[in-house]
1. Relative contact order (percent) for the chain, with alpha-carbon contacts under 8 angstrom and 6 or more residues of separation?
2. Note the full-extension length gain between Arg505 and Thr585 as 0.36 nm times their separation in residues minus their Cα-Cα distance, in nm to one decimal.
3. What do you get for the angle between helix 288-300 and the principal long axis of the chain? Use alpha-carbon atoms, 0 to 90 degrees, nearest ten.
4. Please list Lys523, Lys332 from largest to smallest accessible area, probe radius 1.4 Å, with all protein chains kept in place.
5. Using a 1.4 angstrom probe on heavy atoms only, work out the carbon and sulfur share of the accessible area of segment 195-249 in %.
6. Using a 1.4 Å probe, what is the accessible area per residue for the chain, in Å²?
7. As a check on your grasp of the helix formula, calculate [θ] at 222 nm for the chain: sum -39500 (n - 2.57) over DSSP H runs of n ≥ 4, divide by the residue count, round to the nearest 500.
8. Heavy atoms only, 1.4 Å probe, whole protein assembly: order Asp457, Asp504 by accessible area, highest first.
Amino acid sequence: MHPVVQRVTARVAERSAASRATYLDRIRRAGEAARAQGPARAHLNCANLAHGFAAAPDADKPALRGTAKPGVAIVTSYNDMLSAHQPYETYPPELKAAVRRAGGVAQVAGGVPAMCDGVTQGRAGMELSLYSRDVIAMSTAIALSHDMFDASLLLGVCDKIVPGLFIGALHFGHLPAIFVPAGPMTSGLPNKVKARTRQLFAEGKVGRDELLEAEAKSYHSPGTCTFYGTANSNQALMEVMGLHLPGSTFVNPHTELRHALTAAAGRRAVEITAHGAEYTPLGELVDEKAIVNACVALLATGGSTNHTLHLVAMAAAAGIVLTWDDLSQLSKVVPSLTRVYPNGQADVNHLRDAGGMQVLIGDLLDAGLLHGDVMTVAGPGLDRYRSAPELRDGELVWVPVTGGSTDLDVLRPVSDPFTTDGGIHVLSGNLGKAVSKVSAVKPEHLVIEAPAKVFDDQLDLLRAFEAGELDGQDFVAVIRYQGPSANGMPELHKLTPPMAVLLDRGQRVAIVTDGRMSGASGKVPAAIHLSPEAADGGPIALVRDGDVIRLDSAAGTLELLVPAEELARRAPEGRALSDAEWVGTGRELFNAFRRMAGHAEQGAGMFGVSGAESPHRGPGLAFPADGHLEADLLPAPAGAPR
């Protein structure tokens, strides 16, 4: 193993020792009971059980009444408005049939919401997006709370859906779980053409009809969007963590191979229950090594900055304390191995065809950058994920991939990377701590020192651009009151085209924000997820127009170049919307989320570290301070009950 990967893993394990032990004790007791007592539903009272199979098909009712066959929960994010989740329409019957053939019985236990950040960008609905992760986690828990099940099949792809399913399922960590992907849509309009059309529209050089036609040719069929944003980052991380079947991540929807892999997931779910010979509980599989593997894969692929939030929250659900400093240390030694839009012009289909996850995982294993001695849903050891699925005479087989990349413009080996470090840097300074995605930023833009232009709403920046007020100037756009406690931490990706226009004109510009910029953000230098946020009294609330800011992504610093004594005299400016103002598009239903949201460094959610229970505040609300899990001594997160 690479020594830095070893040290980071050891540090995570040491920091998490108390909470992880408490979490494991809890799920192991549940697992021992499951092994001893047989299928979970067998222990329901008769009235309870009758409710549980009243609507089942006649073919399944005998199995559900009986006590021999394991039950498998299907938790689905299906809807037919969003391309990534539309393929799931046919999955329940396919999975039920596969589970039945394997000797089990499956039911759709529940559905979870799946909103699309692509639809809500720049609109009020985007302010609910990050909160939806915790809603999905709670919805998953509700689905599994019926105690009818011995394993789960989790159907989700995009942005908050996979992290939410992951968090919810870990609270039933004694149950095995397999994530079942739907795959990316086939390649459409080249990304370079799409990006150029967006910039032309921002400049007023093409109209809405031309822009809509380009977008429709890009997002054109069922399946995940093909750029390497949060959705496809989710899928890559699930495979590296051993929660997909090997090689299933980037197989297109509605193909024979996709259907075969879906059926195989159903069969495998039965095999790894507590009632078979290969019991693989989710909470044991997701350990410190698996979490570090996910971090390494995120960095090596230039994945979504949203995962600097999600991975912290996902690890916490397993009793594991992950920090941005861990990601920063790993980023110094994990090379960038892929160039997929927005970090390049290729899409995930090109990545798959260049060798895909099998070549990537194999090379990272050989370089000692991934832990190979982990549990996976396919069996022990990550070496299994060097193999690719194929159909031979109608039968699904896995074939070892022994060659390297077939397209070095898309996928490179560790020995010849695109860059020698990962694509995500952590920035610190007198403005707080932030994250910067540098994998698509040109070297000459890694350091920006310029006067601030302060906005409390992204629409104000867009209006200033359209009015020509930003032309011909170097500046750092400060967009504040966009954090989890202010308005749900929306993605500000709508700012990328106009800022890119200014960058292409030769202006030196950058963004500093306590909001998000999404996995689709590209060449504009940005310090995002700034913590503490303005609504919690962070220094970003003290910034004035004209203050000079230095954003140095290379050195990892973010400084407001104003004397400390001057800052001490300032009072915060601006404010978050009040509850009475933060209304419309259902936002008023989520005011409690604003009050409960943790800091960005803590995952920006309502939940804390499983196993870090505090008798004064209830389970899982505390996050560690200075790496120590002494829950009763910690301050509650912003807005938490005291």
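The values are calculated or read from the model by the stated rules, or taken from the named source; none is laboratory data. None of the values given here were measured: they were computed from a predicted structure. FYI the Cβ positions are ideal-geometry reconstructions off the backbone, even for glycines, and counts take in every protein chain you see. For the accessible areas, the whole protein counts, side chains as well, though only heavy atoms, and no ligand, DNA or RNA atoms are used. Shrake-Rupley method; radii C 1.70, N 1.55, O 1.52, S 1.80 Å.
1. Working: 1462 pairs, mean separation 94.3, N = 642.
In percent, rounded to a whole number, it is 15.
2. 25.1 nm
3. 50 degrees
4. Ranked from most to least accessible, the order is Lys332, Lys523.
5. The C+S portion of the solvent-accessible surface of segment 195-249 is 56 percent.
6. Counting only protein heavy atoms, the per-residue value for the chain is 37 Å².
7. -10000 deg cm²/dmol
8. Asp504, Asp457
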